[in-house]
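**Student:** Please read through the structure below; I'll follow up with questions.
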Amino acid sequence: MAGLSPALVAIGIQALVMAIIVFSYTFIGGLVLGYEFASMGITDNDIIYKELAKMTEITPETQYVFAVIASVVCGVVFFFWYRRVTKYEIKIRLNSVFKFKKIGLFISLGIGCQLLLSGIMNIIQPFLEELFKEYSSVMETLFSGKLGLVILYTVIIAPIVEELIFRGLMLKLTQRSVSFMAANFMQALVFGIYHGNLIQGTYAFGLGFLLGLLARKFKSIIAPILLHIIVNGSAFLIGFLPSHQLVYFGMIILGGVSVVFSYIKLIAEAEDIADYHRPLDNNYFL
């Protein structure tokens, strides 16, 4: 049960912060509008109610901003929680991940994952139209904000926060009672459920399992954060590819080859466990 606590706490924090923000937004908006009407001597309740509803309306874009704020607050909480849990662990050097050759492999692996997943989804979509309607609705909501904010959230904020929750805390806490493979399966499964729909949850499970493997091999969440950022960022590039069955099959083949090759090379490039037993200094990720 302790292993599930990070996901449950994350949901609770974001729901609480969203509730506080929405209440504050409507309450303060109502006070400002009431003050303005009082200063102008307007007492017609119908006018007041209409203007109040208009002023405090929460548009999809406003709701998106609120969700981003809630996610950031959640990330701050989980950052300090993660630091506390890993306080006495041996940390790895940042340059064990951020090497030119490894960065290239991470990019190849991330883009490969996106090509493979996008190709498969485009191929199966005609056979699962009802499920993809729900998925499309979720994606429309996710990309409903201004482009800059959407990129900031999907490419930077979400990967960092989700890695702190799942590969950072949930994986570590679950490993205290079960084997790594069982813990990795559990965190990937909850990661998929966390996304809230079957299509996104299915590929999130596969990606989450891969991210867990990298977290174990590199002994840090830096590696899964980096890969997660690349996967999410490359989604914006996929949209420029032509929509055609041959293109989809090509994406699957190219993506699959890239994933297998890059993963094997990354594992070969990863430092041995013995290399992590070194004195700590300021170049370590805490």
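The values are calculated or read from the model by the stated rules, or taken from the named source; none is laboratory data. All of these numbers come straight from a predicted model, not from anything done at the bench. We place every Cβ from the backbone using ideal geometry, glycine too, and count neighbours over all the protein chains shown.
**Student:** Among Ile199, Ile229, Ile252, which is the only one that is of a type in the set (Val, Ile, Thr), under 14 Å from Gly119 (Cα atoms), touching a helix residue (DSSP H, G or I) at 6+ places or on another chain (Cβ under 8 Å) and modelled with pLDDT of 95 or more?
**Tutor:** Going through Ile199, Ile229, Ile252 in turn, the sole match is Ile252.
**Student:** Here's another thing I want to ask about it. Would you check if Val178 is surrounded by fewer than 20 Cβ atoms within 10 Å (Cβ to Cβ) and either in contact with a His (Cβ under 6 Å, 6 or more places away or on another chain) or within 24 Å of Ala67 (Cβ to Cβ) (or both)? Let's see the steps before the verdict.
**Tutor:** Details: surrounded by fewer than 20 Cβ atoms within 10 Å (Cβ to Cβ): yes; either in contact with a His (Cβ under 6 Å, 6 or more places away or on another chain) or within 24 Å of Ala67 (Cβ to Cβ) (or both): no.
The answer is no for Val178.
**Student:** Another question about this same structure. All but one of (1) closer than 24 Å to Ala268 by Cβ; (2) aliphatic (A, V, I, L, M); (3) surrounded by fewer than 19 Cβ atoms within 10 Å (Cβ to Cβ) hold for Val231; which doesn't?
**Tutor:** Failed condition: (3).
**Student:** Among the residues of region 234-269, write down those that are within 14 Å of Phe106 (Cα to Cα), surrounded by 14 or more Cβ atoms within 10 Å (Cβ to Cβ) and under 24 Å from the mean Cα position of the chain (by Cα).
**Tutor:** Hits for region 234-269 are Ser234, Gly255, Ser258, Val259, Ser262, Tyr263, Leu266.
**Student:** Here is a follow-up. Of the residues that make up region 165-175, is at least one under 29 Å from Lys265 (Cα atoms), assigned to a loop (DSSP other than H, G, I, E, B) and not polar (S, T, N, Q)?
**Tutor:** Within region 165-175, none of the residues are under 29 Å from Lys265 (Cα atoms), assigned to a loop (DSSP other than H, G, I, E, B) and not polar (S, T, N, Q).
**Student:** With respect to Leu152, is the statement that it is assigned to a helix (DSSP H, G or I) and surrounded by fewer than 19 Cβ atoms within 10 Å (Cβ to Cβ) true? Show your work before the answer.
**Tutor:** Working: assigned to a helix (DSSP H, G or I): yes; surrounded by fewer than 19 Cβ atoms within 10 Å (Cβ to Cβ): yes.
So Leu152 passes the test.
**Student:** Checking the conditions here, which among Ile199, Ile124, Ile160 is exposed (fewer than 15 other Cβ atoms within 10 Å of the Cβ) and part of a helix (DSSP H, G or I)? Spell out the reasoning first.
**Tutor:** On the way: Ile199 fails: exposed (fewer than 15 other Cβ atoms within 10 Å of the Cβ); Ile160 fails: exposed (fewer than 15 other Cβ atoms within 10 Å of the Cβ).
So the residue among Ile199, Ile124, Ile160 that is exposed (fewer than 15 other Cβ atoms within 10 Å of the Cβ) and part of a helix (DSSP H, G or I) is Ile124.
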